[in-house]
Amino acid sequence: MIDIIMKIWKTGTVTKKQPLDTPPKKYRGRIKINDSSSPVLKSCVEFCPSGALSIQADGKVQLFHGKCVFCGNCVRHCSDGSIEQTTDCYLAVRNKEDLYDLAIK
């Protein structure tokens, strides 16, 4: 136990201050809906394993980042570019409702 405490004491701070360096090109960050009028967009909803993408009663596609596992299935299946995966790693919000992205018809 003493050895562990001594190792931690010698190591010091290992965290980095914000903003972080730019993430790698293949980093899976925030999902962005580019073209809400795309007919392919609604068909991409079924490929979301966590249910983060859904179709509202009024026909609009909604993305909830609180459920998203950032797997990229929606991006791969929507090959027309209507959905894009960015390298944005800052998803902290004060209100849960701010994690919803709504595609306008």
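FYI, it's all coordinate maths here, none of it is from the lab. The shown structure was predicted, so the numbers you read here are calculated from the model rather than taken from an experiment. Neighbour counts run over all protein chains shown; Cβ positions are idealised from the backbone, glycine included.
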- Message: Is it the case, given these coordinates, that LYS17 is over 21 Å from LEU63 (Cβ atoms), assigned to a loop (DSSP other than H, G, I, E, B) and either in contact with a strand residue (DSSP E or B) (Cβ under 7 Å, 6 or more places away or on another chain) or not β-branched (Val, Ile, Thr) (or both)?
- Response: yes
- Message: Among (1) in a helix (DSSP H, G or I); (2) among the hydroxyl-bearing types (Ser, Thr, Tyr); (3) under 14 Å from the mean Cα position of the chain (by Cα), there is one condition TYR90 misses while meeting the rest; what is its number?
- Response: (1)
- Total residues in the stretch 46-80, condition in contact with a strand residue (DSSP E or B) (Cβ under 7 Å, 6 or more places away or on another chain) and not in a loop (DSSP other than H, G, I, E, B): 9
